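Asks: Dropping a structure here in structure tokens format, bear with me for questions.
Derivation of every value follows stated rules applied to the coordinates shown; laboratory data play no part. Bear in mind that the values here come from a model prediction, so they are computed numbers and not experimental data. Note that each Cβ is placed from the backbone with ideal geometry, even for glycine, and that neighbours are counted across all protein chains shown.
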Amino acid sequence: MDTDVFYTDGLRFSCTQCSRCCRHDSGYVFLSKNDLNALTARLDLSRGAFIERYCVWAPAGLGHHLSLSEQENHDCVFWRDGGCSVYEDRPTQCRTYPFWEHIVADSTGWDRERRECPGIDIGRRHSFFEIRNDLAARVRNRPEHKEAR
Ligand code: SF4
Ligand code: SF4
């Protein structure tokens, strides 16, 4: 076990379903190839039709990353009737929150994130290995990218 990290005893997190991270604020929900495959299968759409209907290309470096689009009020395109309408197939970015590289890089990042999410430091303790699994899932699921032409 890597003993340099601050979460060797795990970290507590339970989503209160406040919806703050799915609604109201503008932001990107990036999609990996696996995310795209799961969502196109769920909605029975081709890759092209799905991207046209539900996605935007977000500027990233010299190219663009694929992201979910937003509704007019900045809710995620898949926020419907008080919840995530694709919950079982939600993207890796949503599935792994809050165990993201920059948030768990040190205790300061974790403490800072507490101001954004009321689920941090309450409820279930996620083990060191669960956190590492989420970080690894993020490495395996980098956003779909296209270079600028
Ligand atoms: S901000 Fe935190 S508690 Fe609220 S919905 Fe998102 S993950 Fe759950
Ligand atoms: S895909 Fe679902 S969980 Fe992810 S931001 Fe959109 S509504 Fe929230």
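Asks: Could you say whether any residue in the stretch 47-70 is surrounded by 14 or more Cβ atoms within 10 Å (Cβ to Cβ), hydrophobic (A, V, I, L, M, F, W, C) and within 16 Å of ligand 1 (Cβ to nearest atom)?
Replies: Yes - at least one qualifying residue is present in the stretch 47-70.
Asks: Among (1) under 21 Å from Arg140 (Cα atoms); (2) free of Cβ contacts under 8 Å to residues at least 24 places away in the same chain; (3) not acidic (Asp, Glu), where does Ala58 come up short?
Replies: Failed condition: (2).
Asks: A further question follows. Take the stretch 107-126 and flag every residue that is touching a residue at least 24 places away in the same chain (Cβ under 8 Å) and either within 16 Å of ligand 2 (Cβ to nearest atom) or loosely packed, with under 14 Cβ neighbours inside 10 Å (or both). If you could, list the steps in order and put the result at the bottom.
Replies: Of the stretch 107-126, the ones touching a residue at least 24 places away in the same chain (Cβ under 8 Å) are 107, 110, 116-126.
Passing the criteria: Ser107, Glu116, Cys117, Pro118, Gly119, Ile122, Gly123, Arg124, Arg125.
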